[in-house]
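Just below is one structure, and these are the notes that go with it.
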Amino acid sequence: MWLLVAREPHPDAHEWTGRRALAVVDATVWPLLWIWVIWRVPPTVGIVRPFIVAVATLFLLRRLRRALWANHRYRFTTWRWGKVFVAMLLIGAALKLATPT
């Protein structure tokens, strides 16, 4: 049995000075980071490397288009994953404090 749930779209983001420039930086850094990581892998991965580079390039172009021309719809990846990273750091610090040495 399939269950389909329709989610409401996110509301438009608030416009503020510098949002478009930061969105362009955010849109380009993450895919370029993935391309840099895959180029650090040994070349024995075969066709996986060019495939990931091609997909990351397509994501870069799509994200860049949204950051420039549909900025009210762009969501910052750094903010999303930054919150997860900070939460993991806080959990790790709490565990370190809670364990006796």
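The values are calculated or read from the model by the stated rules, or taken from the named source; none is laboratory data. Everything numeric here is computed off the predicted structure, so don't read it as measured data. Because the Cβ atoms are built from the backbone with ideal geometry, glycine has one as well, and the counts that use them run over all protein chains shown. For accessibility, only protein heavy atoms count, side chains too; no ligands or nucleic acids. Shrake-Rupley method; radii C 1.70, N 1.55, O 1.52, S 1.80 Å.
Per residue of the range 62-69, in order, report the coupling 6.51 cos²θ - 1.76 cosθ + 1.60 (Karplus, θ = phi - 60°) as ³J(HN,Hα) in whole Hz, putting x for Gly and Pro.
My calculation for the range 62-69 gives 5, 5, 5, 4, 5, 5, 8, 10 Hz in order.
Hey, what number do you get for the chain at 222 nm if only DSSP H runs of n ≥ 4 count, each worth -39500 (n - 2.57), divided across all residues, to the nearest 500?
-22500 deg cm²/dmol
Size of the dipole of the range 53-101 about the Cα centre, Lys and Arg at +1 and Asp and Glu at -1 on the beta carbon, nothing else charged, in debye to 20?
The calculated dipole for the range 53-101 is roughly 320 debye.
In whole percent, how big is the carbon plus sulfur part of the accessible area of the chain, probe 1.4 Å, protein atoms only?
73
About its Cα centre, what dipole magnitude does the chain give when the only charges are +1 on Lys and Arg Cβ and -1 on Asp and Glu Cβ, stated in debye to the nearest 20?
Here the size comes out at about 140 debye.
Tell me the per residue accessible area of the chain using a 1.4 Å probe; a whole number in Å² is fine.
Accessible area per residue: 87 Å².
Determine the equivalent ellipsoid of the chain by diagonalising the alpha-carbon gyration tensor, then write out the semi-axes as square roots of 5 times the eigenvalues, largest first, rounded to whole Å.
Working from the Cα gyration tensor, I get semi-axes of 28, 25, 18 Å.
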